[in-house]
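Structure first, commentary second.
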Amino acid sequence: MNVGNNRPSGLGGGTPPSSAEAVLNELKREADRKASLKMFYAASDVFRDYKGPFANETATERERLGADYQQRGQAAEAKRWGTGSDAPPPTPAKPVQPSPTVATPRPSPPIRQNTEFIQPKPTPRTEPPRKETSSAKIEGGQITFPCRWCQASISVDVSRAGKLLPCPKCELLVSVPKITA
């Protein structure tokens, strides 16, 4: 989403969309791109955060589509975590509270006088610095490496070195190790 002019990114330079339907189609394309990367909540935000032309005309449809992607995200979480006791607790949506028109004043902290600033002493580092060890193997035109999340073995073409891809087992994004000579 192009934040600068509050228009969907694919609409190009200065030409505004010609209809509310064109806006919705462009937002759907952007949301589908994010959903293909398993970023369902970000896809939901595409609809909820839009403030460009035809925002008022598309509000109810955008809210419906945003809720649809929200449900897809919840279904993906349920599939990933299951229904066992290891599942993270659901995060309830917080209702928006209207801000009060008159703010209650808070008492200011007491002012201390004649206090000296004491420079804190640096604490010695107790743990050794981390070393990056890669257990990636290059055989033929394939890089084989373990998933950093579930340790499943992943094998991809060397042209994907340095890129992100979802693990085939846990579906979390992992970085393909770069090839070093």
- Message: What is the sum of charges, Lys and Arg at +1 and Asp and Glu at -1, for the other residues whose Cβ falls under 15 Å from the Cβ of Val158?
- Response: +2
- Query: What is the packing order of peptides 60-73, 139-152, taking the mean over residues of other C-beta atoms within 10 Å and listing the highest first?
  - Reply: 60-73, 139-152
- Message: Just the number: Rg to Rh for the stretch 38-79, Cα atoms, Kirkwood Rh, two decimals.
- Response: 1.06
- Can you tell which of Thr144, Thr180, Pro168 lies farthest toward the positive end of the dipole of the stretch 134-181, using +1 and -1 charges on the Cβ of basic and acidic side chains (Lys, Arg; Asp, Glu)? Thr180
- Note on the structure: In this structure, the FRET efficiency calculated for Leu164 and Glu139 from their beta-carbon separation, with R0 = 22 Å, to the nearest 0.05, is 0.50
- Query: Taking amide H positions as placed 1.01 Å from N in the peptide plane, with prolines and chain starts having none, which residues 5 or more places from Val174, or on another chain, fall under 5 Å of its amide H?
  - Reply: Leu165, Cys167
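Bear in mind that the values in this text are calculations on the coordinates, not laboratory data. All values derive from a computational prediction rather than experimental measurement. Here the Cβ is made from the backbone with ideal geometry for all residues, glycine too, and neighbour counts use every protein chain on show.
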